[in-house]
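Single-structure report; data block below.
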Amino acid sequence: MRPRGILPDFQARVADISEAGLCFESPLPLPSDTLLDISLPLADERFTVVGSVVRAVPTPAGDVHVIGVEFVHPTMSFRMKIAEQVLRIQELRRELSLELGRDVSSAEAAERWVADYATEFAELYH
């Protein structure tokens with residue numbers, strides 16, 4: 001991820017992702033409308049998209065900011081791949097809820113999904 005014109009590249013762990021955008025934590029607030037070049041591994045592909053900061057909210061402790069980003073003109077192939085991944089996470093949530101006998105949150109399912117596939121994603125960075 002790279003904010004255009006103000007900071008060098010930095011890596012951030014995505015906290016939430018949807019077809020419309022994503023959220024991540026940053027030690028620095030980013031001003032609204034800051035454009036970001038974002039590189040995301042999705043399944044067996046790497047996509048580079050542009051995002052625009054729509055909000056930067058400090059956490060209660062104040063040590064990090066939750067940055068909300070909206071994708072700017074994503075390609076159809078990117079939107080389709082994101083939709084596929086979101087559906088896979090929802091299916092995993094249902095499976096985990098049945099397996100564990102309790103309602104598993106979307107965030108918990110997403111964390112599990114990332115943990116299960118992190119190695120595959122890491123290979124896309126090389």
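Things worth noting here:
- Residues located in segment 25-43, provided they are under 23 Å from Ser77 (Cα atoms) and in contact (Cβ under 8 Å) with a residue 40 or more places away in the chain: Pro41, Leu42, Ala43
- Hey, Ser26 closer than 22 Å to Ala110 by Cα and loosely packed, with under 12 Cβ neighbours inside 10 Å or not: no
- From Leu36, Leu40, residue being surrounded by 13 or more Cβ atoms within 10 Å (Cβ to Cβ), at pLDDT 85 or above and either within 13 Å of Val69 (Cβ to Cβ) or not aliphatic (A, V, I, L, M) (or both): Leu36
- Candidate set from segment 99-126 (those that are under 20 Å from Gly21 (Cα atoms) and acidic (Asp, Glu)); member that is modelled with the lowest pLDDT: Glu111
- Leu96 vs. criteria of a type outside the set (Lys, Arg), modelled with pLDDT of 90 or more, surrounded by 14 or more Cβ atoms within 10 Å (Cβ to Cβ) and not in a loop (DSSP other than H, G, I, E, B): yes
- Taking the criterion of being out of contact with any Lys or Arg (no Cβ under 9 Å at 6 or more places or on another chain) and under 19 Å from Ala110 (Cβ atoms), the residues of segment 50-67 that qualify are Gly51, Thr59, Val64.
- For segment 99-114, the set of residues classified as surrounded by 11 or more Cβ atoms within 10 Å (Cβ to Cβ) and part of a loop (DSSP other than H, G, I, E, B) consists of Val104, Ser105, listed by residue number.
- Residue check for Val49: surrounded by 17 or more Cβ atoms within 10 Å (Cβ to Cβ) and either among the basic types (Lys, Arg) or at pLDDT 90 or above (or both): yes
The values are calculated or read from the model by the stated rules, or taken from the named source; none is laboratory data. What you see is a predicted model, and the numbers here were worked out from it, not measured in a lab. Note: ideal-geometry Cβ built from the backbone for every residue, glycine included; neighbour counts use all protein chains shown.
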